[in-house]
């Protein structure tokens, strides 16, 4: 039997006690890992995954808010440009009205000044003519007397 026992121990296909002990220890270590180490790792992984998902969702929400803000900004900018164009057009129209009003006032003032100037010139002309008429008659009589050689003023004086 001793030869038989030695033959049995050399057959690698037949497991011996060390194999069973190592298998049991391996299963115990595996169970310990599964019970005490894997759950906290899974929990940490789940928390990290949840944080990543929250970050992604917050990023989407932020991007959506940014798009909405951009749209509101563009809309406000377009409204401001439209309002500025309206104000500019209104200001131009009012400016044209004021310019036309000033032109009409200036034209009326010019016409009034021309009329007054014409009246003043006519009055001054009449005054000058009234002042010069006696002198002209006297000079004309004197000149006529010199030309004729006789005193022509006798009939009037």
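The values are calculated or read from the model by the stated rules, or taken from the named source; none is laboratory data. All values derive from a computational prediction rather than experimental measurement. Heads up, the Cβs are rebuilt from the backbone with ideal geometry, glycines too, and the neighbour counts pull from every protein chain shown.
Would you say residue 101 is assigned to a helix (DSSP H, G or I), modelled with pLDDT under 90 and surrounded by 10 or more Cβ atoms within 10 Å (Cβ to Cβ)?
Values: assigned to a helix (DSSP H, G or I): yes; modelled with pLDDT under 90: no; surrounded by 10 or more Cβ atoms within 10 Å (Cβ to Cβ): yes.
No: the conditions fail for residue 101.
Within the stretch 11-22, can one find any residue that is assigned to a helix (DSSP H, G or I), exposed (fewer than 10 other Cβ atoms within 10 Å of the Cβ) and under 60 Å from the mean Cα position of the chain (by Cα)?
Quick first cut of the stretch 11-22, residues assigned to a helix (DSSP H, G or I) only: 17-22.
Narrowing further to those that are exposed (fewer than 10 other Cβ atoms within 10 Å of the Cβ): 17-18.
Those left that are additionally under 60 Å from the mean Cα position of the chain (by Cα): none.
So far as the stretch 11-22 goes, no, none of its residues is assigned to a helix (DSSP H, G or I), exposed (fewer than 10 other Cβ atoms within 10 Å of the Cβ) and under 60 Å from the mean Cα position of the chain (by Cα).
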